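Take a look at this one; I'll ask things after.
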Amino acid sequence: MTRLATGDTAPDFTLPTADGSTVSLATLRESAEQGVVVYFYPAAMTPGCTKEACDFRDSLEALQGAGYAVVGISPDEPARLAAFAERDGLTFPLASDPDHEVLEAYGAWGEKKNYGRTYVGVIRSTVVVGTDGTVELAQYNVKATGHVARLRTKLGIDAA
């Protein structure tokens, strides 16, 4: 499985979203002063993914204030993403990638081990893409709890 690294060109994407529209990396890059935080999560409305999404929601003002746009991507269908956004007050785009094309292009789809069993699925990951389209930061196998706080520190939004 190929994973992205700092300096790589981030694959562009256009995906359907929870609100019935589409979101593209190119459009997000144009609207952001510093870059785009693209985070990949396994499934809407599960405990870990809810924790992570709510952490992004609660940090959205600080991230946007520092010049970053945020988008969450999962294999969930748009209707499930809409229910997730509604239930938890998520105000950033949630994009649907049911065919795993973007997940695979970003190295966020692959073999995982959980409770002794091996399977293929979403690898919880975050990639920060600069306004020029290059990867500024790529983190794989992140933990849902505390990840956003660590990301904020890494981006210089919070003091270490």
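The values are calculated or read from the model by the stated rules, or taken from the named source; none is laboratory data. Remember, it's a predicted structure, so these values are computed and weren't measured experimentally. FYI the Cβ positions are ideal-geometry reconstructions off the backbone, even for glycines, and counts take in every protein chain you see. In case anyone asks, the SASA skips ligands and DNA or RNA and just uses the protein heavy atoms, side chains included. Shrake-Rupley method; radii C 1.70, N 1.55, O 1.52, S 1.80 Å.
Test GLY121 against the criterion of being out of contact with any strand residue (DSSP E or B) (no Cβ under 6 Å at 6 or more places or on another chain), part of a strand (DSSP E or B) and either among the small types (Gly, Ala, Ser) or closer than 19 Å to SER24 by Cβ (or both), and give yes or no.
No, not satisfied.
When you go through ALA85, ALA26, ALA62 one by one, which is the residue that is part of a helix (DSSP H, G or I) and crowded, with 16+ Cβ neighbours inside 10 Å?
Answer to the check: ALA85.
Among the residues of segment 113-142, what is the count of those that are within 15 Å of the chain's Cα centre (by Cα) and either of a type in the set (A, V, I, L, M) or modelled with pLDDT of 95 or more (or both)?
Here the count works out to 16.
Taking GLY110 and the conditions (1) at pLDDT 95 or above; (2) within 19 Å of ALA5 (Cα to Cα), which numbered condition does it fall short on, given that it satisfies the others?
(1)
So in segment 111-160, with the set limited to residues that are under 20 Å from ALA43 (Cβ atoms) and of a type in the set (D, E, K, R), which one is surrounded by the most Cβ atoms within 10 Å (Cβ to Cβ)?
It comes out as ARG124.
Same structure, new question: Which one of these does LYS154 not meet: (1) basic (Lys, Arg); (2) within 18 Å of ALA10 (Cβ to Cβ); (3) in contact with a strand residue (DSSP E or B) (Cβ under 6 Å, 6 or more places away or on another chain)?
The number of the failed condition is (3).
Can you find, within segment 29-59, the residue that is farthest from GLY130 (Cα to Cα) among those that are open to solvent by 50 Å² or more (accessible area, probe 1.4 Å), in a loop (DSSP other than H, G, I, E, B) and not polar (S, T, N, Q)?
MET45
Hey, another quick one. Hey, THR50 hits all of (1) without any contact (Cβ under 8 Å) to a residue 24 or more places away in the chain; (2) out of contact with any strand residue (DSSP E or B) (no Cβ under 8 Å at 6 or more places or on another chain) but one; which does it fall short on?
Going through the list (1) without any contact (Cβ under 8 Å) to a residue 24 or more places away in the chain; (2) out of contact with any strand residue (DSSP E or B) (no Cβ under 8 Å at 6 or more places or on another chain), THR50 breaks only (1).
With respect to GLY72, determine if the residue is closer than 19 Å to ALA149 by Cβ, modelled with pLDDT under 95 and open to solvent by less than 80 Å² (accessible area, probe 1.4 Å).
On the way: closer than 19 Å to ALA149 by Cβ: yes; modelled with pLDDT under 95: no; open to solvent by less than 80 Å² (accessible area, probe 1.4 Å): yes.
It is false that GLY72 is closer than 19 Å to ALA149 by Cβ, modelled with pLDDT under 95 and open to solvent by less than 80 Å² (accessible area, probe 1.4 Å).
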